[in-house]
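Attaching a single structure in structure tokens format; questions to follow.
Where a number appears in this text, it was derived from the coordinates with a stated rule and is not lab data. If you're wondering where the values come from, they're calculated on a predicted model, not measured in any experiment. Cβ placement follows ideal geometry from the backbone for every residue including glycine, while neighbour counts extend to all protein chains displayed.
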Amino acid sequence: MSRSVAEWIGKTDDSRPPAHVRLRVFERFGGICHFSGIKIRPGDHWDVDHVKALINGGENRESNMAPILRGKPHKEKTARDVAEKSRNYRKRAKHTGAIAAPRQKIKSRGFERPPAQRRASSPVEKWRGF
């Protein structure tokens with residue numbers, strides 16, 4: 001019996017995949033965390049993660065999902081996705097002119113060098129007035 005639906009597609013970006021979709025994603029990757037490459041054992045906590053994050057243009061569909069261990073691997077992957085989003089935003093804003101170029105300081109002639117300071121060991125040359 002073949003599947004009636006080719007793949008699960010979320011109605012919104014916030015919709016969570018049902019349990020049978022989580023199981024299919026887990027089996028497709030052979031129970032291995034797609035970020036760290038560690039085998040997910042019974043009792044380990046894991047999530048279904050988007051390979052290409054939603055904030056970076058990914059879709060909420062089964063083909064864009066992979067298992068990832070909860071905790072450090074998931075936090076690192078999320079931090080990497082947010083950094084990529086920020087980098088892309090800055091580049092796009094710079095190219096479209098939304099971010100102004102930094103202002104250059106006004107270049108001036110500067111000031112004259114002050115005379116060298118006297119030292120305690122150098123002789124004092126004072127005008128005595130006679």
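Do we have any residue at all in region 79-101 that's part of a helix (DSSP H, G or I) and within 27 Å of H20 (Cβ to Cβ)?
Yes: one or more hits.
Here's another thing I want to ask about it. Can you run down the residue pairs with Cβ atoms below 6 Å, 6 or more apart or on separate chains, where the first is in region 5-25 and more than 12 Å from R61 (Cβ to Cβ) and the partner is aliphatic (A, V, I, L, M) and assigned to a strand (DSSP E or B)?
These pairs meet every condition: R22/V48.
Additional query: Considering region 56-90 alone, what residues qualify as being among the hydrophobic types (A, V, I, L, M, F, W, C) and either touching a helix residue (DSSP H, G or I) at 6+ places or on another chain (Cβ under 9 Å) or closer than 17 Å to K39 by Cα (or both)?
M65, A66, I68, L69, V82
What tally of residues in region 35-63 results from selecting those that are within 18 Å of the chain's Cα centre (by Cα), surrounded by 12 or more Cβ atoms within 10 Å (Cβ to Cβ) and not in a helix (DSSP H, G or I)?
Matching residues across region 35-63 total 8.
When you scan region 25-41, how many residues do you find that are under 14 Å from V51 (Cα atoms), in contact with a Leu (Cβ under 9 Å, 6 or more places away or on another chain) and hydrophobic (A, V, I, L, M, F, W, C)?
Residues in region 25-41 being under 14 Å from V51 (Cα atoms), in contact with a Leu (Cβ under 9 Å, 6 or more places away or on another chain) and hydrophobic (A, V, I, L, M, F, W, C): 2 in total.
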